[in-house]
Amino acid sequence: DSVEIGKTRVSTRISAAGSVESRFTFWGNLKFKALQSGAQAFDLFSYDGLSFSNLALAMSFQHSNPQARTFQFDPSELAFDPSQSVVRPTGLAAHFPLKLKNFLLSNDAGDLPTGYASVDVPLDRQKPAAPWYGLVFDLNLGTLGDLAANVGIAASMVTLWSPGNTLRIFTGLKIPGLTGGGSQFSLMGVLKLKMQGLELVSSGGAYQLMLNGISLSLMGKSLPPGGSFDFFVFGDPNPSSGSDALAWYGDFKKEAGG
């Protein structure tokens, strides 16, 4: 929505051949638009002020011809400081235990990051195109329990956007062991967990991640036979509680005639 610049630094180097290269480095805050799905808030990007540093602009020209300048926008070293950032109470980051990790930048072709399963969101949108930019979050999905030595399942969630008047965004989820184009997990190399889709929705100020149509298979046999599970993972609806926990429930859908 807007960019606020709070501090700037410039450094300049002049080569023996007469070329001048200057680099402007910026500190400030990014304010994201509060997206909505109809009348329902769906504040995917969450931040009223995301504190950043090391946003750069490079300028170069020949000392003999300073009017022929070229500029290059360089966000490759952009870094964030969540402790100095402001999250809106309606934002996803205020209701889900997401921890901002780093920044993503598209390649020239605009390929989406690999290993992420697409998460459907209730927004009228298009696929990002080059250049796109993204926020990477760590998402702690809890543990597998005492039988797994209490090892946590550390997932990664990305939210990508392309600049412009058209809403071009992508939301993706990466879970350890994810294979098969984002639709299948390998568990201990023997069990296969498949799912039909991922969906992120909001209701009553809370956000919910839905894992739909999950089934287990062992050597081609479905477990349990004749149906699949849906899992629903949701965060704290109260953004002021300070909780970073997730809750979940699931149901089993029996196939017709099964």
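Multiplying the residue separation of residue 216 and residue 83 by 0.36 nm and removing their Cα-Cα distance gives an extension gain of 43.8 nm. Net charge near residue 43: determine it from the other residues with C-beta under 13 Å of the C-beta of residue 43, scoring Lys and Arg +1 and Asp and Glu -1. The answer is +1. Once divided by 2.2 N^0.38 Å, the Cα radius of gyration of region 21-63 becomes 1.84. The C-alpha radius of gyration of region 1-144, expressed as a fraction of 2.2 N^0.38 Å, stands at 1.31. Modelled label positions at residue 109 and residue 13, each set 7 Å beyond Cα in the direction of Cβ, lie 3.1 nm from each other. Under 12 Å from a point 7 Å along the Cα-to-Cβ line of residue 64: which residues of region 6-31 have their amide N that close? The answer is 17-19, whose backbone nitrogens lie closer than 12 Å to the label point.
Any read-out appearing in this document is the output of simple, stated calculations on the displayed coordinates, not a laboratory observation. This structure is a prediction, so every number in the text was calculated from the model and none was measured. Every residue, glycine as well, gets a Cβ built from its backbone with ideal geometry; the counts of neighbours run over all protein chains shown.
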